[in-house]
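A short reminder: the numbers here are calculations on the coordinates, not readings from a lab. As the structure is a computational prediction, the values presented were derived from the model and not from experiment. Cβ placement follows ideal geometry from the backbone for every residue including glycine, while neighbour counts extend to all protein chains displayed.
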Amino acid sequence: MTIPTQTLLVNGKNFTINADPNMPVLWVLRDIIGLSGTKFGCGSGLCGACTIHVDGAPMRGCLTSLKHVVGKQVTTIEGVEAERLKEKWAEHNVPQCGYCQAGQIMSAAALLAKTPQPTDGQIDEAMSGNICRCGTYPRIKAAIKAAVTENAEA
Amino acid sequence: MTTFTAVENISRRNVLKLFGAAGGGLALGATGLAWSPMALAQDKQAMMNLFIAIGEDNKVYLTCHRSEMGQGIRTGISQVLADELEADWDNVVVIQGLADKRYGSQNTDGSRSIRKHYTRMRQMGALARTMLEQTAAAKWQVPVSEVYAKSSKVFHKGSNKSLTFGELAIDAGKQTVPAIESLSLKSDNDFTHIGQSKTIVDMQDMLNGKAIYGFDIKLDGMVYASISRPPVLGSDVASLDDSEARKVVGVIDVIQLPVPKGAPVFQALGGVAVIATNTWSAMQGRKALKVSWTASVNDRHDTDKYMAELVDKVKQPGKVMRQLGDSVKNWPKQSTVNAVYTVPYLTHAMMEPPVATANVTAQGCELWSSTQTPQSTQQTVAALLGLKEDNVKVNVTLLGGGFGRKSKPDYSVEAAMLSQRLNLPVKVSWTREDEIQHGYYHAISSQFYQAKFDDNNKVDALLARTGFPSISSTFAEGVDMPSAGELDLGFTDVPLALPQIRLEAVKAVARTRIGWMRSVCNIQHAFGIGSFVDELAVKANKPCIQMWREMLGADRKETFADQGFSYGNYGEELADHPVDVARYHHLLDIMEATLAKQPKVTKNQGWGFAIHRSFVSYVAVATLVEVVDNQLQVLKSIAAIDAGLVVNPDRVKSQTEGAIIFGLSLAMMGEISFKNGKVTQSNFHDYPLLRLPQCPDIEVILVESNAKPAGVGEPGVPPVAPSLTNAIFAATGTRYRDLPLNKVLSV
Ligand code: FES
Ligand code: FES
C-alpha cells in the first residue's frame, strides 16, 4: 500500500502528513504531528480521553479516521478557545492526575458552545462519556456550572 | 544506605555520608546530582542540598522525589520544603527527581509521601535557610541571631538591610553544612505554606495539554511496541504466524519475548511484540498476529468455583492470628449472628495504562516511565540487562493515575528488553485490554463473621475469618496464606473492646498475579467488619454509630497486648501513631451531629454508615441512597477524615472525594473474573467505572488535628462499600454481602 500525502487542519494550522488514511486522528495527532495533549484511554469510544472537536462538534479521536477529517477543522486541547472554562477549572482545582482532563474540557467546551445555559441533566448527559478514574466529577460539574453562571451574567 | 529513621537524630558526619557530599564539608552533594529535566548550570545556581537549589535569578528549585499521580505531591512536598526555607512561593520551580537511592525510598505507595517525609523535608528546608542566613550575617558582619529569612530574602533585624536569596545563593552554597540537631524548626503557628490550599503546580500544563505523561514521551528515532501477552499466567507461545502482521503498514519487526520463570515478581509476561513506526500500526500489527499458547497450571482457574471454595474455607477453622478470652465454642444459637462477605478480584484501571520508553545504548539504559517506584524500576532493569544500577537512569514522568499498578515495573522491563534487542529507543504502550487482562489484581476474598450477644443486648464475643490469595505469592512461589502485614490491613487491627475475640486466616492458593491496589486488603476487611457491625446494630435495634461506640469501648490507645498479635501499624511506631480509640469516637460524634442535620429521608431512601482506620488515618463515611424499582441511585456521601496535620487541605479533600468515587466504583460495578485461566473483562464496557451522572453530592469534613501527618490517598476508600450496602439495607431491608452490586441492582 502506498501512503498518500494529506493535509490536515489542526488548531488553525495546516499539517502535511504521510499516514494511513484509516489511522485514527488520535494517533495522527500524537505520534505524527506531535500534539500529545489528546489522550489515549480505551481506544474504543468508552472513556472520552481522546475527545477533540471536528468542525466544532465533539468527537472521539480514537474512533475517527484521518480520512474523515481531512478538509475539516480539527481542534485539540492545545488550541481550543475555552479560557473561561479553564479559569473555572483552575479555581475549583479540578484536576488530580490530569490525564482525563483534556477530554473533559473538550466535552464541556463543546456543550457550552452549543448550549450556553445547560440544565443539570444536560451537563450530566454531555459529560457522561468522559471517565475520570481519579474522581473529579463533583468539581467538573461545579466548574461547568460556575462558567455557566458567568455566561448568564455576561 | 542509611535509612530515613536515622535522619531524625543524625550527626553532621552522617548527613554528609547520607547525601554523598564531596569531601571538605562543602555543600551537600553538590556534584553529580541526577536532576531532571534540566541540568543546572553550576555557576548560576547553587545546590544547597539534595532537594534544594537556588539560582542567582532568585528562583528556588525544589526536587520532588515522589511520583505525581494525582495526589498533588509535587505541590505538597514543595510546600513543606518552601516553608522552612522561607521561600516565596512565586519563585518556586518544581523539579521531578530521577531514581536515586540518596533520596531514600521513592516508592510512592502506602500513602506515605507526607507521613514519611514531612520531617525530613522540613529539615532540608531549614538547612538551606540556615546557610543563607549565615551567609548574610557574614556579609554584614553581624551575629546570625540578628538575621532572619522571609519571602526569599534575608533581613537584618537592627537595620533595613536585606539581600535576596538569589544574591546570597552562590556563597551560601559554599557554606559549611549545619548539623541537623542545630536546626530549629518552626512552630506550627508560623507556617506560611504548610496548611495552605495551594493550587497544584501543574495546573496550567494540565489545562493546556502540555503536561507530560508516560504516554507522551517521544524520542528521536523511537519505535513503538504493542505486545500480545499470554492470556493465562504461566503459558507461553506454542506457535506463531506473523506473516499478516508484517504486512501491516508501519510494522517494522515482530519479536518473541521470554516467559517469566518462578514467581512473577516484576518480570515481563512474555508473548509477542509487534514493533512499528507509530502506536496504531503496532496495535494493528498485533491484531493480525496468529498465536497459539501452551497449557498452564492456571488453565482451570475459574472464579465462580474458586469463590465457592473460599466461602467454604472461611466456614472452617483457620490459623488464629489474634485472640482474647478462651472460648468461642458453644454459643447459644438464638444469641448469635453470622454472615459471609465476598469481594471479587479488582483491577486498577488508572486512566493512563502502563507505558514506558527505554533507550539502551553501550553506555547504559535510560528510561522514561510512568512509575510509582523509580528505584525498583532501576534495580529490576539493571539486573535484567546486567548493568550497574548507576548506569540505568530512570526519568519519572507524570502518571495518569497509578493506584498501585504502576508500583510494578513489568512494563518498563518490556521496554528495556526490546530496546536492547533492537538497539533503538522503544516505547511500550499498553492498551486498555492489556491493563485489564494483565494486572496485578486486588485479591478475591471471602470473610466469615460471627458474634454473640450477652443478656444486656451487648456484643460480648466475635469470631472472624478471612481468606484471600496473598500478595506474597507474587514474590515467592508456594505462598498460600495471607501475610501478617496483609491481615494488619483492617482485619486484626480493629480495636474492638470485647471480652472474647478470635480472628483467623485461611489458606488460598494464588492463580494469577496478586498486587496491591488503593487501600489494599482494607477494601475487603472494612467491607466485612463495616457490614457486620451494621448487621449487629440492626439485630440489637440500635443505631449503627451507637453499635460502633459500644464495640470500640472506652477511649484508649489500643496496643493489642496479650492478644497474641504484634501489629505492624503501617511501618509506624505506636508511640507516634497510636491506635487511638478517642479519634474514632471523635469522628463518630462529628458524623452523628452532621447526620442529625440532614433532611428527613423519604420512602425508598436510607443512610448507611461505616468507619475505618487505615494508613494511620481515620475516616468515617455516611452514604444516602435511593432504590426504586431495583434502580440504585447514590444521592449523597459525607466523609469525615482525621489524617493528622495536613499540608494542603484542598488536596486532602480532593483525594477523599476521589476515594469515595473509587470506593463506589468497586462496590457498585467492580469485578474481574476468570474463566479457563483468562480474564473475562476487557475494557470499560465490562469493567465499568463510575461516571458523572452516577456520582453523588460529596461533602468532605476535614477534622482539625495536631497529630502527626498520616496517610491520605488511600484511607478514604475502605469505609465506602460498607456504608453503601448499609444504606441500601436501610432503604430496602435487603442485605447485600457480595460485591459488586450490579449483579443484583441496576446502578
Ligand atoms: S480513548 Fe477514545 S474514547 Fe477512550
Ligand atoms: S484526573 Fe485522573 S483520571 Fe481524571
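Determine the principal axes of the Cα atoms in the range B:619-699, then give the extent along each, sorted from largest to smallest and rounded to whole angstroms.
Computed over the Cα atoms, the extents are 49, 33, 20 Å.
Testing the spin-label approximation: label points 7 Å from Cα along Cα→Cβ at B:Thr680 and B:Lys319. State their distance in nm.
Inter-label distance under the simple model: 3.1 nm.
What is the spread of the Cα atoms of the protein assembly as shown along each of their three principal axes, largest first, in whole Å?
Sorted from largest, the Cα extents of the protein assembly as shown read 80, 79, 65 Å.
Between B:Asn604 and B:Asp460, what FRET efficiency follows from the Cβ-Cβ distance if R0 is 60 Å, with the result rounded to 0.05?
Details: r = 36 Å, r/R0 = 0.59.
Once rounded, the FRET efficiency stands at 0.95.
So the label point goes 7 Å from the Cα of B:Ala383 along Cα→C-beta, right? Which residues of the range B:462-486 then have their backbone N under 14 Å from it?
B:474-477
Would you mind checking B:Lys218/B:Lys408; A:Lys88/B:Lys116; B:Lys210/B:Lys678; A:Lys39/B:Lys59; B:Lys44/B:Lys218 for any pair whose Cα atoms are more than 28 angstrom apart?
On the way: B:Lys218/B:Lys408 22 Å; A:Lys88/B:Lys116 34 Å; B:Lys210/B:Lys678 38 Å; A:Lys39/B:Lys59 32 Å; B:Lys44/B:Lys218 30 Å.
Over 28 Å Cα-Cα: A:Lys88/B:Lys116; B:Lys210/B:Lys678; A:Lys39/B:Lys59; B:Lys44/B:Lys218.
Could I have the simple spin-label model distance between A:Gln117 and B:Ser746, label points 7 Å from Cα toward Cβ, reported in nm to one decimal?
About 3.2 nm, to one decimal.
Taking R0 as 41 Å, what's the FRET efficiency between B:Gln633 and B:Ala582 from their Cβ-Cβ distance, rounded to 0.05? Please report the intermediate quantities before stating the final value.
On the way: r = 36 Å, r/R0 = 0.88.
The formula returns an efficiency of 0.70 here.
In whole Hz, with x marking every Gly and Pro, tabulate ³J(HN,Hα) for the range A:118-130 from phi via Karplus 6.51 cos²θ - 1.76 cosθ + 1.60, θ = phi - 60°.
So the J values, rounded to whole Hz, are x, 7, 4, x, 5, 5, 3, 5, 5, 9, 6, x, 10.
Fewest first, what order do B:Asp205, B:Asp100, B:Asp454 take by the number of other Cβ atoms within 10 Å? All intermediate terms of the calculation are to be shown ahead of the outcome.
Values: B:Asp205 16, B:Asp100 24, B:Asp454 12.
Starting with the residue having the fewest Cβ neighbours, the order is B:Asp454, B:Asp205, B:Asp100.
What FRET efficiency do you get for B:Lys218 and B:Lys150 if R0 is 41 Å and r is their Cβ-Cβ distance, rounded to the nearest 0.05?
Values: r = 43 Å, r/R0 = 1.04.
Calculated transfer efficiency: 0.45.
Taking the range A:83-153 as the region of interest, what is the percent of Cα-Cα pairs per 5 angstrom bin, listed from the shortest bin to the one with the maximum distance?
P(r) for the range A:83-153, in whole percents per bin: 3, 18, 34, 28, 13, 3, 0.
Would you calculate, for the protein assembly as shown, the mean residue ellipticity at 222 nm contributed by helices, counting each DSSP H stretch of 4 or more residues as -39,500 (n - 2.57) and dividing by all residues, to the nearest 500? Intermediate values should be presented prior to the final figure.
On the way: 21 runs with 247 residues, N = 901.
Rounded to the nearest 500, it is -8500 deg cm²/dmol.
How about the range B:635-716: which GluC sites (Glu not before Pro) there lie in a loop by DSSP and see at most 11 other Cβ atoms within 10 Å?
Sparse-neighbourhood loop GluC sites (Glu not before Pro): B:Glu704.
Work out Dmax and Rg for the range A:5-75 from the C-alpha atoms and quote the Rg first, both in angstrom.
10.7, 31
Which order results if B:Phe403, B:Phe729 are arranged by neighbouring Cβ count within 10 Å, fewest first?
Details: B:Phe403 28, B:Phe729 20.
By the 10 Å Cβ count, ascending: B:Phe729, B:Phe403.
Let me know the Rg and Dmax you get for the range B:308-377 when you use only its Cα atoms, in Å.
24.6, 75
When N counts the residues of the range A:30-138, how does its alpha-carbon radius of gyration compare numerically with 2.2 N^0.38 Å, as a ratio? Let's see the in-between values first.
Numbers: Rg = 13.3 Å, N = 109, 2.2 N^0.38 = 13.1 Å.
Taking N as the residue count of the range A:30-138, the ratio is 1.02.
What longest region of chain B stays clear of trypsin sites (Lys or Arg not before Pro) that DSSP places outside H, G, I, E and B and that have at most 11 other Cβ atoms within 10 Å? All intermediate terms of the calculation are to be shown ahead of the outcome.
Details: sites that count: B:Lys157, B:Lys261, B:Lys329, B:Lys388, B:Lys597, B:Lys600, B:Lys603.
No qualifying site falls inside B:389-596, the longest such stretch.
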